[in-house]
Amino acid sequence: MAKNTLLINVDIGETRVGLIADGVLRELYVERRHHRSPVGNIYLGRVTRVLPGMQAAFIDIGLDRAAFLHVEDLQAEPGTEEDGEGNEKRGSSKGRRNRVSRKTPIRDLLNEGQQLMVQVSKGPIGTKGARVTSHVALPGRYVVFMPTVDHVGVSKRIGNDRERRRLKEAIDSVKPPEGGVVVRTLAQGLTKKKLKADIGYLVQLWEQTQIARDAVKKTPALVHEEPDLVIQSARDLFTEDVTEIVIDDRDEYQRLKEFLTLFLPERANDVRLYEDYEPLFDEYGIEEEITRALSRKVQLPSGGHLVIDQAEALTAIDVNTGRFTGKGRDVEQTILQTNLEAVREIAYQLLFRNIGGLIVLDFIDMERHAHREKVFKAFLAALKNDKSRTTAIRISELGLVEMTRKRTRQSLGRTLYEPCFFCDGTGLLQSKETVCHEIFRQMRRERDSLPGYKIVISAHPAVCDMLEREEKVSVAEASQRFQRRIELKPRNDYHLEQFDLTGD
């Protein structure tokens, strides 16, 4: 297998894309037929609620939950711009994002029932609905076209100043009279002709979106849908560093070839159809890697490990030495080596699992300031490969790093897993002994309402087993106190904490 490969597994109702970089699974994307991400989609929605206290509104775009729109994500009136202080001023909007000032009362801009065209910038996550903006951005392979602003920019990842100037001059000469353009990293070294072709396609796409909007008879309505995962991965992930795409579905292979022939003809022959009997991800060892990478406990090369706990508000990552005791007598060196290994693995896990929001990293305490600086710098260097925006605060005296990572879609863990129906997501159950004592308390509460001379306890077999063995004396005492014979009825279909009392 080539070192850098894009694997596309098309299965029944599900598509998975794995990016192999230097022989390691770096990124994994999953799209299911009934749960396609709405990020990038454009809707003609309807304002359902305006919240002046939050300077925000809720927009019905046809999803399960209403989408959230902040006042700063609204498009300003022509000729109005926001100054550096967040205040509006009149004049040319050239080079501006044309955003509404955060101080502008949202009631002056929106009313309930009003129609509004918005684009999803962040998908629904957990209990939160999608976040939307009226500033449309249409991504192509080499540029992003923004029809609502007059702005030309170049990706910060293109570090060469001469190349940045060249690209900016090229875009200035081919951009449409209305709208802004941001040059993507993939455009590095590209000719003006290819840039113009990419912009032309996106301008045409925007015109089609406007036609679809004007044809809408009932809101909410979808007026532009982002391509599916197969095309998105070819557009965004098939960089010069990636040698080939391997896909296991003949129809999708043909569709992918047609897309690349149109937009990237020189790479159309770098797509290969996988036809072996063994499933694609099994053949390349990806299934095992997914299981390992999504475990709560992740091993480090030296014997240390990470423990990753993802909660609603934040994600906590704890670094432990585990069985690693070091090769020398210097405890500080052992701790430093473990933390440096953890840095690389944490950066990988954040990217692979797509963990976003607030993240707290608990490194092993380091007494030496130089060691803390070394670990922090190594962490920042490891984050440079991450396309999502990250912010990290220096390691505290307690060994903690507080950081944020921009979150635009559900994390991989929340996509592939759901809260345990047995423990309701807590990870904890009442002990069998606790359930036994709760049964005794319930017998006391209900003894007068239970008819007959016998009390039948229906419970999980493990609880019945404990009542028969360890709690045998307690059952006999309860029988004597309540003057009833007690009978146990194991139920395999019962939850561990579930029980019923009946009289007979």
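The values are calculated or read from the model by the stated rules, or taken from the named source; none is laboratory data. Here the structure is a predicted model, which is why all the values come from computation and not from measurement. Every residue, glycine as well, gets a Cβ built from its backbone with ideal geometry; the counts of neighbours run over all protein chains shown.
Here is how the numbers come out for the structure above:
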quantity	calculated
Residues of segment 127-183 satisfying the condition of being basic (Lys, Arg), within 30 Å of residue 58 (Cβ to Cβ) and surrounded by fewer than 19 Cβ atoms within 10 Å (Cβ to Cβ)	128
Of the criteria (1) in contact with a strand residue (DSSP E or B) (Cβ under 6 Å, 6 or more places away or on another chain); (2) surrounded by 12 or more Cβ atoms within 10 Å (Cβ to Cβ), which one residue 435 fails	(1)
Within segment 339-447, helices (runs of 4 or more DSSP H) holding 3 or more residues that are of a type in the set (A, V, I, L, M, F, W, C) and closer than 30 Å to residue 495 by Cβ	432-446
Test set (1) of a type outside the set (A, V, I, L, M); (2) more than 29 Å from the chain's Cα centre (by Cα); (3) modelled with pLDDT of 90 or more - residue 267 fails condition number	(3)
Top-ranked residue of segment 147-167 - restricted to ones that are of a type in the set (Lys, Arg) and in a loop (DSSP other than H, G, I, E, B), ranked as farthest from residue 386 (Cα to Cα)	156
Scan of segment 98-127 for residues that are polar (S, T, N, Q) and at pLDDT 80 or above, ordered by number	104, 111, 114, 115, 119, 121
In segment 48-65, residue surrounded by the fewest Cβ atoms within 10 Å (Cβ to Cβ) [restricted to those that are within 23 Å of the chain's Cα centre (by Cα) and more than 14 Å from residue 114 (Cβ to Cβ)]	64
Answer from 304, 285 - the residue that is surrounded by fewer than 19 Cβ atoms within 10 Å (Cβ to Cβ) and either of a type in the set (Gly, Ala, Ser) or in the same structural domain as residue 244 (by TED's automatic domain parsing) (or both)	285
Any hit, segment 381-391, residues being modelled with pLDDT of 90 or more, polar (S, T, N, Q), more than 30 Å from residue 34 (Cβ to Cβ) and exposed (fewer than 11 other Cβ atoms within 10 Å of the Cβ)	yes
Residue within segment 319-336 that is surrounded by fewer than 18 Cβ atoms within 10 Å (Cβ to Cβ), among the aliphatic types (A, V, I, L, M) and either touching a residue at least 24 places away in the same chain (Cβ under 8 Å) or within 24 Å of residue 24 (Cα to Cα) (or both) present	no
Residue within segment 447-456 that is surrounded by 14 or more Cβ atoms within 10 Å (Cβ to Cβ), within 25 Å of the chain's Cα centre (by Cα) and not β-branched (Val, Ile, Thr) present	no
Filter pass, residue 404 being within 14 Å of the chain's Cα centre (by Cα), more than 15 Å from residue 358 (Cβ to Cβ) and either small (Gly, Ala, Ser) or surrounded by 15 or more Cβ atoms within 10 Å (Cβ to Cβ) (or both)	no
Some residue of segment 276-295 being polar (S, T, N, Q), at pLDDT below 90 and in a loop (DSSP other than H, G, I, E, B)	yes
Some residue of segment 484-495 being assigned to a helix (DSSP H, G or I) and either surrounded by 16 or more Cβ atoms within 10 Å (Cβ to Cβ) or at pLDDT below 90 (or both)	no
